[in-house]
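First the structure, in the form of structure tokens, and then the observations on it.
Any read-out appearing in this document is the output of simple, stated calculations on the displayed coordinates, not a laboratory observation. Because the structure is a prediction, the values reported are computed rather than measured. Here the Cβ positions follow ideal geometry from the backbone for every residue, glycine too, while neighbour counts run over all protein chains shown.
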Amino acid sequence: MFRIVVRDQALQEALKVHGSEFGIAEIDVAIRASAISRKLGLLEDSLADVTFLSELTNCNGQQDFKVDGAVKFETSNALYDRGELTSSISILRNLDDTCQYDHQQLSISRSDVAATLVSYENNGECSTAY
């Protein structure tokens, strides 16, 4: 549904919205779907959601969506729950180093990333230097 609205200028005008609003909403819905799947123990569904997110953000990159922080955070969480500790921690470290938190269009905070990173490192007993 979101993609139809994004592509149809007349429909956007009738709804009095911009295509970018729908693109961000679609990404937000996919992030929430992944989180719900993880909470229900549907880890394969969560991975499918973050794969879709990756494809969606790559496709929408030209629209200057600033959602990479939230997408990477959810990807890290999905991988962690799936047992991919090293990949998850690596994503969080990279996010902590590169994310422009103040410019994100979907909420994410440095403290959430840092707390999750510490938790994952402690739970995974990751010995990689930070």
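Put a dot 7 Å past each Cα toward the Cβ at S111 and K66; how far apart are the dots in nm?
2.1
How much length is gained on full extension from D45 to D8, taking 0.36 nm per residue of separation minus their Cα-Cα distance? Each step should come with its number before you reach the end.
Working: separation 37, 0.36 × 37 = 13.32 nm, distance 2.97 nm.
Contour length minus Cα-Cα distance gives 10.3 nm.
Would you please classify the overall shape of the range 2-124 from the alpha carbon gyration tensor, given that a ≥ b ≥ c denote the square roots of the eigenvalues, rounded means a/c under 1.5, and beyond that prolate means a/b larger than b/c while oblate covers the rest?
Verdict is prolate for the range 2-124.
Note the full-extension length gain between S87 and S54 as 0.36 nm times their separation in residues minus their Cα-Cα distance, in nm to one decimal.
Values: separation 33, 0.36 × 33 = 11.88 nm, distance 1.52 nm.
Difference between extended and current length: 10.4 nm.
Can you give the FRET efficiency to the nearest 0.05 for I36 and D97, using r as the Cβ-Cβ distance and R₀ = 22 Å?
It comes to 0.15.
Tell me, what is the FRET efficiency for V118 and K16 to the nearest 0.05, using R0 = 30 angstrom and their Cβ-Cβ distance as r?
So the FRET efficiency works out to roughly 0.10.
With 10 angstrom as the radius, rank Y101, Y120 by how many other C-beta atoms surround their C-beta, starting from the fewest. Before the final figure, lay out the partial values.
Working: Y101 15, Y120 18.
By the 10 Å Cβ count, ascending, the order reads Y101, Y120.
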